[in-house]
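Enquirer: A single structure is presented below for examination.
Quick note: the coordinates plus some simple rules give every number you see, no bench work behind them. Fair warning: this is a prediction, and the values are worked out from it, not measured in the lab. Note that we place each Cβ from the backbone using ideal geometry, even for glycine, and neighbour counts take in every protein chain shown.
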Amino acid sequence: MSTKYAVRNIRLCTKDCLCLYVCPSGAADTENSVIDVDTCIGCGDCADACPSGAISMVVKVYPDQQEKSEDVVNTLQRLLHSKSRQENIAAGLQGKLAVALEKSNHIMAEELLRESGYLLPQSDNTKRFLESLLEQEQPEGFPREKVEFLLEKHEHYLKEKRAAGEE
């Protein structure tokens, strides 16, 4: 069993469809252009053949995130709060510089979230955050089903990791 599977970035796909011809399992031949993860055997032929570079190979089980002390996480969160505030201020201003500041602060905030372990699907921080969303009162229209789906995916990840003998 392969440790990787193929994913397609629809935004980069130029519809050359070479992946359809080289995929031995037929995983790339779907109606919605999303490669079928369950059918993919992880050979990488589709990624090698794709002239637009729209297909990448992704590992099934990610390594654990590096541990950080509580002081580091708290500092990252304070910095994140600051960047989010700056992004909101820049969003209210006009001009190209304001747009650049807004985008820059947004990117930095994403990186801080990633470093804090909130954008990594395998992170326990992500799991705790999703669980806290379900425990709190949420406004009408809150996508509860999506949060439950993400938690199920997290459990699926943990099961795969255990099966691979990494936990």
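Enquirer: Looking only at Cα atoms, what is the convex hull volume of the stretch 124-163 per residue, in Å³? Display every interim value, and only then the final one.
Expert: Details: hull volume 2.1 nm³, N = 40.
Hull volume over Cα atoms, normalised by residue count, gives 51 Å³.
Enquirer: Please give the Cα centre distance for the stretch 1-69 versus the stretch 130-147, rounded to the nearest Å.
Expert: Cα centroid of the stretch 1-69 versus Cα centroid of the stretch 130-147: 31 Å apart.
Enquirer: Which of Ile55, Ile41 comes first, and how do the rest follow, when ranked by fewest Cβ neighbours within 10 Å?
Expert: Values: Ile55 23, Ile41 15.
Fewest-to-most ranking of Ile55, Ile41: Ile41, Ile55.
Enquirer: Across every pair of different alpha-carbon atoms, what Kirkwood hydrodynamic radius in Å does the stretch 1-140 reach? Don't jump to the answer; show the numbers that get you there.
Expert: Numbers: mean 1/r = 0.0544 Å⁻¹.
About 18.4 Å, per the Kirkwood formula over Cα pairs.
Enquirer: Starting from the Cα gyration tensor of the stretch 4-59, take the square roots of the eigenvalues, sort them a ≥ b ≥ c, and report rounded, prolate or oblate (rounded when a/c is under 1.5, otherwise prolate if a/b is larger than b/c, else oblate). Write out the running numbers ahead of the final one.
Expert: Working: a/c = 1.34, a/b = 1.27, b/c = 1.06.
The shape class here is rounded.
Enquirer: In addition: List the lysines whose alpha-carbon lies under 28 Å from that of Lys146, not counting same-chain residues fewer than 8 positions away?
Expert: Leaving aside lysines fewer than 8 places away in the same chain, those within reach of Lys146 are Lys4, Lys60, Lys83, Lys103, Lys127, Lys159, Lys161.
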